Every structure is written in structure tokens, then in C-alpha cells.
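I have placed the structure first, in the form of C-alpha cells, so that the comments after it can refer back to it.
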Amino acid sequence: MRSLAVASPLPPAAAAVAARRRPRAASSFGREVGSQCWKYDLGQDRSLGGSLRIGQSQGSLHRQRLTNLLRPAAAISVEQDEVNTYLPKGDMWSVHKFGGTCMGTPQRIQSVADIVLGDSSERKLVIVSAMSKVTDMMYNLVHKAQSRDDSYTISLEEIFEKHMAAAKDLLDGEDLARFLSQLHSDVSNLRAMLRAIYIAGHATESFSDFVVGHGELWSAQMLSYAIKKSGAPCSWMDTREVLVVKPSGSNQVDPDYLESEKRLKKWFSRQPADIVVATGFIATTAENIPTTLKRDGSDFSAAIIGSLVRARQVTIWTDVDGVFSADPRKVSEAVILSTLSYQEAWEMSYFGANVLHPRTIIPVMKDNIPIVIRNMFNISAPGTMICRQPTNDNGDLDACVKSFATIDNLALVNVEGTGMAGVPGTSSAIFSAVKDVGANVIMISQASSEHSICFAVPEQEVAAVSAALHVRFREALAAGRLSKVEVINGCSILAAVGLRMASTPGVSAILFDALAKANINVRAIAQGCSEYNITVVLKQEDCVRALRAVHSRFFLSKTTLAVGIIGPGLIGGTLLNQLKDQASVLKENMNIDLRVIGITGSSRMLLSDTGIDLTQWKELLRKEGEPADLANFVRHLSDNHVFPNKVLVDCTADTSVASHYYDWLKKGIHVITPNKKANSGPLDRYLKLRTLQRASYTHYFYEATVGAGLPIISTLRGLLETGDKILRIEGIFSGTLSYIFNNFEGTKTFSNVVAEAKEAGYTEPDPRDDLSGTDVARKVIILARESGLRLELSNIPVKSLVPEALASCSSADEFMQKLPSFDEDWAKQRSEAEAAGEVLRYVGVVDAVNKEGQVELRRYKKDHPFAQLSGSDNIIAFTTSRYKEQPLIVRGPGAGAEVTAGGVFCDILRLASYLGAPS
């Protein structure tokens, strides 16, 4: 037989205050363990010497006496006469809830008091949480005590010191003395209780709830004294005397509204006040045993009490300006939503958005009481109002989806087999097994064929779920009726939420199009018939990128494109300057945000996670650049999770760079280039590249490979896609050679014209690269392949303009020195052409009928369109089934860094429009 008595008498000052206090409910708990009865006496009656008694025999000897002592003397009896009980209700009340962050310091508690006093409502009900971190500290006390960790005494002292220091900073005079006396009394009782837990090595849930609830009691008292200090009458309410709840499942309780309203009336009849500060989080059972509303219970408390008094609105004060369209930690351009419907807020909170606990919405929704989420630290922000369907009903797509939310660390469980089809009870058996292990099913998806059912559960629970399903379906798996129970780890859920999604065509199409264009694979899909949300399961590594992609696509933020520039030379450098000059215009007018996050040359590269300052990119590359490494450069772009859409712009003429296009596209990186080497290279590589481009949502644009900034490729595609048939494409494709032959007239020698072109920057450093005709041949092969011809570059006969004797010159300078020796031959050709009324032009031809191409010097009559060129203009004539008698002609500048970079820029903007920017 054991007995233990732990004395904890109140100090004289506390006893004096306790005598003045209004009666308070005593609390008693009992737990039968075998034949042993444990009793905890927490009453204010000190007839047992203020002691906590634990004992087998004493529990038996004193049962009748303890029953009398432990009856909650101050608990409101609903059987009492209810005459003269009156509870004012309606718009006169405003309810405010302040969380732990808002109550975190004495200065913040005073700010809360100022906010409450500044509310012009006739009556105010204020719900408060414990001071920041205190609830966790209280739980930790219980955990340490039942683990027989002596340090619980130190932790309790820290909690006492925290509240004592806060009170001394906030209060003074009699109010300070009253609070400190009560604090001392409570801590003394807690010390005794925790000692009992320490000895027993166990604490019931009720006992733990009672201990933990003290944080709210202390913060409510401090705030009420702070308000009274300003001269406003104020009462504080221990909501365990009012809120009655009953357990409704694991870690969940339901309010008893009828009983709670009766008790609130009784409470108010004794302590009517215009301002009432009430404890959040804590409540009582119908048997008057203290309990809690579980985690996030303070919001729930505010909603319940707001419903009981039919308040005008419930304001939840927090540390953010309102509800965001997405998690701002993941989407930097998430916007504050001015309004949400109850259903939207419910869906968002279920899917992990930091809005409200779903149960918070239920009490106010039935009475149409709006909830406003506001920032205590930015009172000027209007916040987000959660109410019935907002009045604006414009039906725009951008209004259909209000927000996006995500849940990470999930696993998909897929139960599959032909034996499932048409067999009643299969789903019931699956989810019965899941329920037996206590797992939470987040999402369910089933194919209409009934061949498979998949569902998402938290990753830490999936092992138990898998084991339970293998046991439950052991025979079906062995017999082959079920083929597998598969677990897919590393998943996340992305949910699109919006009340107006219902019956609005196109929402799903836009959502999945955005995901596809961001190269994101969807593992499972679910949408309820209410259409308030569309839920998709993705790889967790893709979740942030997916969130940004869909958020951008629904115009909740700008279409942001991360750009990597390869080759900041003449064309690349010009492009960077064009991007710099146009960036602000694109943001303002086109909702496009282009971020260059990498620039690499042959020797140095510059990387940034969020965007390079293009006003000084040259200096930054020189001073802060690191050794160039193309693999690391691409990895930097690919691994960047800030931006969902990425593009590599190859401004080189390098074959080795072009050889990587396929791999980049496979990674989900878009490619844009004026580099002709990929499309004019080996045919099998070209076909592989184009097949990938057509099969995926990753884009490969190369308008500037032919005709610089002229719309040659797009014109050809437009003809083919509309059913026209290409017969012949003929044109002057080289701006350099166009300039040379446009100026090769009169008394000018051929070598002098070439020198002028080189001096003006029209030629390559070695003019033989232009005069050889290879560049024109590459453009011809590109157009031939676009037209459907499967030709290799070697199939194109090229008439080179480089004299054979000069092909072996060791340098460009040597070539230029020896070129005049051939001027006489060129003068003769010009004279013969002029005598016939013709001009010399260097052209490329695609003969689609005969499936061949040519590159050569030809003569054209002076009234021919090809003879009317000036400068470095290009001209291309399309002869098709529709344009047979009079070819379709595209003409314009075909050389120069400005127009080529402009063509690349156009491709970047075209990509942005494909990704969702306004077109």
C-alpha cells in the first residue's frame, strides 16, 4: 500500500487575492488503472491543506469526501433558474482573435489593447492565445515530467519568469499584484501536479490539457488588466466555464452550441461588460473536465463564440497582410486576395494553405458571419474577408481560380488488378484497412474501368498502409485477382481552388497546359463534382516549379522566364542590350518578366539565382565571372526552382553547343537560337530533335537561322500548316553577299567591294567563310528540311566564290592581299551580265518538286525583284500551289547584329506567349 502527499500551500498574498476572486470551477480527473484509483484535487477549497493526494487506500477512504470537494462549485449549472439571464446578440458585437505571435511580448500585448480600444463597436469579445511558444513549452513540461526528466522544474521556472517579466513591464499597482499572486498560485499548483506526473510516469489527456491551458489563462488576464489600465471596463473569461465540447474522433471535438449558449448567458448575467477578453484553445466537457480544442483551437474558439453572440464579424489578427494566392515563400509574386468565399477558404486550408483550420469556418458559415484576416503589424492593410460568394461575377478565367495550395511529403498508393472490376466492396476493404492503421487519406482517384484505385497518404504513414493492404489482400494477390499494391514515394499535391471554377469551361485545360509547358508530369488527378478544386499529384521535386507555372498562367502573377545566354558576342551582346532596354515595358504592358540568370562566353560565365543587372552585365562578367563551364551553366539554369520556365539562347555558331540541344530539351529547357549548325547538321540528329520538339511541350525556336530577323521560317510553316504545297523556294539568303553584289557596279572592283563589306562588319573575320557559299547552303538545307525534304548538306551542290588558288591561303589577310589578282575575271562576268541587261546575284534554291537544292551565282533581268535590292537586304520567293503565277515574296534586312538579335528576341516573346503571356 502506497500513499503520497505533496504539499503546496498558497502564500499569504495569493490567499488574500484568491479570497477576493470570483469562485472558479474546481477540476477533478479520475483514471482507473487496474484496481488503483488516481485522484487529482485541483480545487480552491484548501480543506486538505492544499495538497495533492495520490494513493490506493486513501482514494478509497476519502472517496465520498473528495467527491464533495471536487464537485465544480463555480461551474454554471444549467438547471438553475434562468430568469434574468440575458445575452445581447447581433451586430453590436465584434470578435477579435489574437494569436501567440501577437501576444508574444509586453509591447505587443499593449498594441493588442490599443487595437481593441480603437474598435468603435458597441461590444467587443477578444479571444487570445498563449504568449508565443508558451503552448509548446507547456506540452514540453508534461512530456518531461512523464519521462521522469527532472529538468521540468527548470522549464516551469522559465515559464514563470517569462510571464512575471511580461507583467512587470506591462502592468503596475494593484493589477500587477493581483496578477502576480494568481501566477504564483497557478505555478505552485502546476509544480505539485507535475511532481505527481513525474512519480506516476504517466499523464492522461485531460490532465495534460489542464496543464497546457494555463498559457491562455495568463495571457487573457494580462490583456484584460492592460485594457482596464486605459480606463475601459473589461472582464476576462475562462472559456472552460462557457464552451462545452464533446469528443468526435481522434484529436477532434465538436461544440455543444446549445449548452455553451446557456452557460454564456449565465456567465454574462454575472459579469456583463462591453469588453470581454476570453481564453482561446481551452474548453470543458459536459462533465466539467477541462479539455482543449486541439491545435489551432484559438481560431476555432473565436468562431464558436462569434456564432454564439451572432457577431458582426470575426477578425483573426496575425502577422501577414491577408490570404495569399499561393505560398509567398514559394511564389514571390503571390498576391493578397481581397475576398474569399467560405468554401474557397475551406478548400485552401485543407490543402495546407496558411489560412484557417477548416473547422474554424463551420460555426460562422451557418450564421453568415464574415471572417477577416488582418495583420496586427500592418494595420493599414485591409486584409482578406472570408464570406459568402463575393458579388463580383464577371466570369473571367483569371477570377475562376482564386488560389493554389500544396501539400508535400506524400506517397501515392496504387492498388491495381483486373479482379477489382465490378467486385462490390473492394474500395470498402481497401479503406477499411487504411482506417485500421490510423492513416489519413488526402486524395483518392479511381479509373472508371475500376481496374485501379490510387490514393495519397502522408509519407510517414505509407509503410503501415502498404503492410496492412498486403495482409488484407494476401489471397487476392496470390491468386492474381490483384496484380500489385504499389507505393510511389516523394510526391506532392497541388490544388487549384476557386468557387467560380464550377461550370466554367477551360479551367482544367489551362491548368494542365501550364503544367505540360513547364515539362511537369502529373501522376494522379482528382476533381469533385462541386468543382471547387482540381487536385493533381506530382513529384515533390517538381512541386514548386509547378506552383509557379500555374500561378503565372492564370495571370495571378507575371509570366516569368529564366534566360541563359550562351555567346555574349556581337549578336548575344546586342540581344542583352535589347532585353535591358525593353524589360520594363514588357513587365508593364505584356505582363512578361524576363530574367537573365546566366551569361557564358568561351572563357568566363556569370550566374545569378534571381536575375543579372543588365545595365552592367559586361562589367559584372569581367569582375565577378567564373571560369566558363557549359555543363555547370546548364545545371544552374535547370536546378533553379525560383522560375518554372527556362530557356537557353545560343548566340554562337558553334557545332558543339548545338549538339546539346536535344539533351536540354529533354530536361525541359526551351531552346532559341540563330545558330544554323543543328538544323543543317546530320539529318538523323535533326529528325530526332524535331520529333522531340513535336512530342513534348518544350519549345525549340530558330527563326533567326534564316534571314536574320525576317519571318522566313514562320511564313513557310504557315503555308504548310494551312495545306499549301511548296514547289520552289529561291532567294538571296546572305546579307553579306547581297551587299557585295548590290555594290559591285560601275568602276568598283570585286576586291574593293569585299574590303568595304569587311570594313563595315558585314563579313565574317575571314571573308572566305561568306564567299564559300556554305552559309547559304546551310540556310537552303534548313528550308528544304522544313519543307519535308530529307536532304543532307552534302546533297547541296555549292558554287564557291573563292578562287581555288586562294582557298589554301593561311590567313584572311593573305587572302585579301591576293584577291585583287582575280578582279579582271569578275569584271568580265559583270560586263557580260550588263550587256544582256542583267545583274549578278548569289542565290540558294530549294526545288521541292525534284527534291533537290542548289547554291550558285545567277543572272537576273534588271526588272526582276532580285535585282531591286539595296544594302544587305535578303529576299526570298515562295512558289507554291497557291502562289504559282506570282510568288510570295519576303524582303528586308538580312544581316547585322541588330536585326538578328531582334529575330531572337521575337522568338523569346513568342515563347512567352506560348507559356501564357498575353499575345
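Brief remarks on what is shown
- Unmet criterion (only one of (1) in a helix (DSSP H, G or I); (2) touching a residue at least 40 places away in the same chain (Cβ under 8 Å)) for residue 475: (2)
- Check on residue 764, closer than 21 Å to residue 898 by Cα, part of a loop (DSSP other than H, G, I, E, B) and open to solvent by 10 Å² or more (accessible area, probe 1.4 Å): yes
- Within segment 668-694, the set of residues being part of a loop (DSSP other than H, G, I, E, B) and surrounded by 18 or more Cβ atoms within 10 Å (Cβ to Cβ) comprises 668, 669, 673, 674, 675, 676, 677, 678, 679, 680, 681.
- Residue check for residue 115: of a type in the set (A, V, I, L, M) and part of a helix (DSSP H, G or I): yes
- The one condition from (1) in a helix (DSSP H, G or I); (2) in contact (Cβ under 8 Å) with a residue 12 or more places away in the chain; (3) open to solvent by 30 Å² or more (accessible area, probe 1.4 Å); (4) out of contact with any Gly (no Cβ under 8 Å at 6 or more places or on another chain) that residue 745 does not meet is (1).
- Candidate set from segment 631-642 (those that are of a type outside the set (S, T, N, Q) and modelled with pLDDT under 90); member that is surrounded by the most Cβ atoms within 10 Å (Cβ to Cβ): 642
- Of the numbered criteria (1) farther than 23 Å from residue 708 by Cα; (2) open to solvent by 40 Å² or more (accessible area, probe 1.4 Å); (3) of a type in the set (Gly, Ala, Ser), the one residue 788 fails is (1).
- Taking the criterion of being open to solvent by 30 Å² or more (accessible area, probe 1.4 Å) and part of a loop (DSSP other than H, G, I, E, B), the only residue of segment 160-191 that qualifies is 172.
- Within segment 775-788, tally of residues that are within 15 Å of residue 843 (Cβ to Cβ) and not acidic (Asp, Glu): 8
- Check on residue 333, modelled with pLDDT under 85 and of a type in the set (Asp, Glu): yes
- Segment 478-504, residues that are within 24 Å of the chain's Cα centre (by Cα), not hydrophobic (A, V, I, L, M, F, W, C) and not in a helix (DSSP H, G or I): 489, 490, 492, 498, 504
- Matching residues, segment 172-210, being among the β-branched types (Val, Ile, Thr) and modelled with pLDDT of 95 or more: 187
- Residues that are over 20 Å from residue 466 (Cβ atoms), open to solvent by 50 Å² or more (accessible area, probe 1.4 Å) and at pLDDT below 85 are absent from segment 436-446 altogether.
- Annotation note: Cβ proximity below 7 Å between a residue of segment 496-517 that is among the charged types (D, E, K, R) and a residue that is buried (at least 23 other Cβ atoms within 10 Å of the Cβ) (sequence gap 6+ or interchain) occurs for 517/915.
- Within segment 654-667, the set of residues being open to solvent by 60 Å² or more (accessible area, probe 1.4 Å) and either without any contact (Cβ under 8 Å) to a residue 24 or more places away in the chain or among the hydrophobic types (A, V, I, L, M, F, W, C) (or both) comprises 656, 663.
- Subset of segment 863-911 (residues that are open to solvent by less than 30 Å² (accessible area, probe 1.4 Å), polar (S, T, N, Q) and assigned to a loop (DSSP other than H, G, I, E, B)): 872
- The set of residues in segment 806-824 that are in contact (Cβ under 8 Å) with a residue 12 or more places away in the chain and in a helix (DSSP H, G or I) comprises 806, 812, 815, 816, 818, 819, 820, 822, 823.
The values are calculated or read from the model by the stated rules, or taken from the named source; none is laboratory data. Computed from a predicted model, the values in this text were never measured in an experiment. Reconstructed Cβ throughout: ideal geometry from the backbone, glycine too, with neighbour counts over all protein chains shown. We work out accessible area using only protein heavy atoms, side chains counted, and drop any ligands, DNA or RNA first. Shrake-Rupley method; radii C 1.70, N 1.55, O 1.52, S 1.80 Å.
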